[in-house]
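Asks: First the structure, which I've put down as structure tokens, then a few questions once you've had a look.
The values are calculated or read from the model by the stated rules, or taken from the named source; none is laboratory data. Every value quoted in this text rests on a predicted model; they were computed, and no experiment measured them. Don't worry about glycine lacking a Cβ; one is built from the backbone with ideal geometry, like all the others, and counts go over all protein chains shown.
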Amino acid sequence: MKTDCLIGMGANLGDRVAAIEGACSELASVASDGVVRAGAWRTTAPIGGPAGQEPFLNGAVRLTTEIDAAELHDLLASIEEASGRQRRTRWGARTLDLDLLLFGDLVLQTPRLTVPHPRMSYRPFVLAPAAEAAPDMRHPLLGCRIDELWNTLQHGADHVLLLGESQAARRVERLLGERHPSLSIERDAAGPLPRLVIDARGPGAPGPVTPAPTLWLSDADAAHFDADLLAAVACVWPDAAP
């Protein structure tokens with residue numbers, strides 16, 4: 001069976017162009033028609049990782065393949081390894097980063113692979129090229145197209161919509177109040193689509209889904225909770241004063 005896929009790419013060490021072009025050639029070998037469709041490559045500042053990194057070259061490609069999600073994930077990892085990728089620091093500098101963003105309408109969460117990619121919907125360096133490469137692909141959890149997500153990220157209501165009454169939600173309010181006191185936090189999901197939703201209701205919690213850029217946080221996210229939250233805000237509001 002053929003499946004439509006979306007893959008994010010980035011590099012900020014070594015010959016970035018050669019690494020990304022090489023990855024595209026490798027991916028073409030598993031594309032059903034031998035073609036990968038790419039959005040424009042963009043140079044972007046690092047977000048959330050160690051200070052002092054070089055800018056990233058980022059992009060996204062779309063392809064149709066007959067291999068399954070696990071096989072594609074393994075192929076991406078092998079291409080990264082061949083480029084010299086070393087995984088030492090979270091969000092650190094890298095010769096090549098390949099993320100499986102979407103695999104048709106598959107929703108999967110395992111220790112090895114989560115699809116859709118959990119941080120894709122609020123990252124402009126992902127959505128901008130993805131909206132060019134695959135504007136009509138749909139996010140299976142949020143129920144909207146990639147180009148719609150990109151439009152909301154740019155032009156949505158200028159506030160955070162916070163969902164949930166959990167310990168995680170209270171932690172979000174406390175941290176944003178301390179680090180971004182000027183950032184408006186709303187609780188009414190019936191209003192206009194916001195530029196960022198923070199869903200702190202927890203896995204499997206009932207309730208409507210807002211078709212907007214979304215960060216999912218739960219009480220179990222303690223290890224990277226603060227870093228994920230602050231990085232998401234930096235993605236959406238890069239000029240927000242800490």
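Asks: Those residues that are under 20 Å from GLN109 (Cβ atoms), crowded, with 22+ Cβ neighbours inside 10 Å and of a type in the set (A, V, I, L, M), I need them from the range 191-228; list them, please.
Replies: Within the range 191-228, VAL197, ILE198, ALA200, LEU215, LEU217 qualify.
Asks: Report, by residue number, each residue of the range 1-31 that is of a type outside the set (Gly, Ala, Ser), more than 15 Å from LEU98 (Cα to Cα) and in contact (Cβ under 8 Å) with a residue 60 or more places away in the chain.
Replies: Hits for the range 1-31 are MET1, LYS2, THR3, ASP4.
Asks: I've got another one for you. Would you be able to say whether some residue in the range 87-106 is β-branched (Val, Ile, Thr) and more than 29 Å from PRO238 (Cα to Cα)?
Replies: Among the residues of the range 87-106, not one is β-branched (Val, Ile, Thr) and more than 29 Å from PRO238 (Cα to Cα), which makes the answer no.
Asks: GLY164 - would you say it is surrounded by fewer than 21 Cβ atoms within 10 Å (Cβ to Cβ), in contact (Cβ under 8 Å) with a residue 24 or more places away in the chain and not assigned by TED's automatic domain parsing to the domain that holds LEU101?
Replies: yes
Asks: So, of the residues in the range 167-190 that are closer than 15 Å to PHE225 by Cβ and of a type in the set (Lys, Arg), which turns out to be surrounded by the fewest Cβ atoms within 10 Å (Cβ to Cβ)?
Replies: ARG174
Asks: Hey, can you tell me all the residues within the range 34-48 that are under 13 Å from ILE20 (Cα atoms) and either assigned to a loop (DSSP other than H, G, I, E, B) or in contact with a Cys (Cβ under 7 Å, 6 or more places away or on another chain) (or both)?
Replies: Across the range 34-48, the qualifying residues are VAL36, ALA38, GLY39, ALA40, TRP41.
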